[in-house]
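A short write-up of the structure that comes next.
The values are calculated or read from the model by the stated rules, or taken from the named source; none is laboratory data. Small disclaimer: the values here were computed from a predicted structure and weren't measured. Note that each Cβ is placed from the backbone with ideal geometry, even for glycine, and that neighbours are counted across all protein chains shown.
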Amino acid sequence: MIDRRSFLAASLASAAGLALSANAQQSSDSENAMPQPPFKLKYAPHFGMFKNLAGDDLIDQLHFAYEMGFRGWEDNGMMKRPIDEQEKIATAMNELGMEMGVFVADAEWKEPIYVKGGPDAFKTLQDRARKAVEVAQRVNAKWCTVVPGPFVNNLEWDYQTANVIDCLRAMCEICEPAGLTMVLEPLNPWTNHPGMFLSKIPQAYMICEAVNSPSCKILDDLYHQQVTEGNLIPNIDLAWKHIPYFQLGDNPGRKEPLTGEINYRNIFAHLHKKNFTGIVGMEHGLSQDGKEGEQKLIDAYRWCDDFA
């Protein structure tokens with residue numbers, strides 16, 4: 001069986017050869033790409049991830065990803081796109097049979113609105129939830145990301161937790177009738193997001209239990225959780241009933257699989273064994289620039305997805 005080091009060397013050589021060949025052709029890389037079978041899991045790239053191989057056009061990127069075997073897509077910034085662009089993306093994805101993953105509904109980075117709570121917070125957050133529902137219905141999305149903001153140092157932690165729970169219940173009053181699920185994303189406090197209230201999977205699990213709504217679940221970003229607490233597969237199993245969505249990136253570096261310490265081949269096999277049918281969002285960068293780097297990313301997912 002090929003090991004990681006051999007695979008990466010072969011992948012780089014393959015990517016370089018592909019780029020040289022493509023430069024000698026008249027037509028685009030996207031047009032000449034050989035269609036690949038669907039992956040076993042619904043890995044979801046994002047716009048810009050294949051811009052060198054597929055071009056700058058958003059719809060061309062969707063078509064290229066589909067041809068490479070990807071059946072999911074996610075776009076954190078979907079709410080900021082013009083309505084006509086949202087509709088165009090949704091139409092293309094529907095025609096291809098691709099599934100829309102998360103967009104960011106509310107990521108509060110500065111104001112401790114969730115941990116302080118209260119009637120004004122409920123009103124503000126319900127207004128944000130209504131806007132998220134409108135976008136979700138327009139782009140056929142089932143999930144939206146929520147980051148419940150920073151903590152404060154002048155209020156006992158348990159009071160902050162209770163306030164967050166009440167705020168999320170208020171948002172569920174809007175999301176639940178619309179069939180939209182907020183996925184709470186714990187963020188690591190060490191390399192990316194110091195000062196955020198939500199950082200661990202057990203903490204998110206407890207909050208979901210307390211909110212007690214199908215519209216409040218967990219986004220398990222395996223990159224963040226490797227940095228924060230490790231224990232990835234056991235925490236997946238312990239929190240399973242509240243995890244409809246995953247994201248990933250390797251650690252250190254937050255690049256594609258096979259660039260760090262996380263054994264994504266084992267994790268993907270574990271998710272497949274548990275009959276996971278949701279989306280695995282590719283919320284990471286590329287370890288190499290250009291067409292070669294994009295092909296290296298595709299090859300890495302092919303190797304990690306070949307766990308049978």
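On the basis of being modelled with pLDDT of 95 or more, part of a helix (DSSP H, G or I) and polar (S, T, N, Q), does Asn266 make the cut? Judged against the criteria, Asn266 is a match.
For Glu229, the conditions (1) touching a residue at least 40 places away in the same chain (Cβ under 8 Å); (2) touching a Lys or Arg at 6+ places or on another chain (Cβ under 6 Å) all hold with the exception of (1). The criterion of at least 1 residues that are of a type in the set (A, V, I, L, M, F, W, C) and either modelled with pLDDT under 95 or within 22 Å of Gly118 (Cα to Cα) (or both) is met, among helices (runs of 4 or more DSSP H) falling completely within region 142-232, by 157-178, 201-211.
Can you run down the residue pairs with Cβ atoms below 7 Å, 6 or more apart or on separate chains, where the first is in region 86-105 and within 24 Å of Leu248 (Cα to Cα) and in a loop (DSSP other than H, G, I, E, B) and the partner is of a type in the set (Phe, Trp, Tyr) and modelled with pLDDT of 95 or more? Cβ pairs passing all conditions: Met98/Tyr66; Met98/Trp73; Gly101/Trp73; Gly101/Trp143; Val102/Trp143; Val102/Tyr245. A count restricted to region 233-263 and to residues that are farther than 29 Å from Asn140 by Cα, in a loop (DSSP other than H, G, I, E, B) and among the aliphatic types (A, V, I, L, M) stands at 2. Tell me, please, whether a residue that is aromatic (Phe, Trp, Tyr) and under 23 Å from Phe103 (Cα atoms) can be found in region 206-225. Yes; the residues of region 206-225 include at least one that is aromatic (Phe, Trp, Tyr) and under 23 Å from Phe103 (Cα atoms). Residues that are within 15 Å of Glu134 (Cβ to Cβ) and surrounded by fewer than 21 Cβ atoms within 10 Å (Cβ to Cβ) within region 89-106 comprise Ala90, Val104, listed in sequence order. Check region 247-259 and report whether any residue there is under 14 Å from the mean Cα position of the chain (by Cα), modelled with pLDDT of 95 or more and β-branched (Val, Ile, Thr). The answer is no, given that none of the residues of region 247-259 is under 14 Å from the mean Cα position of the chain (by Cα), modelled with pLDDT of 95 or more and β-branched (Val, Ile, Thr). Going by the structure shown, is Ser21 farther than 30 Å from Leu271 by Cβ, modelled with pLDDT under 55 and part of a helix (DSSP H, G or I)? Here the answer is yes, as Ser21 does meet what is asked.
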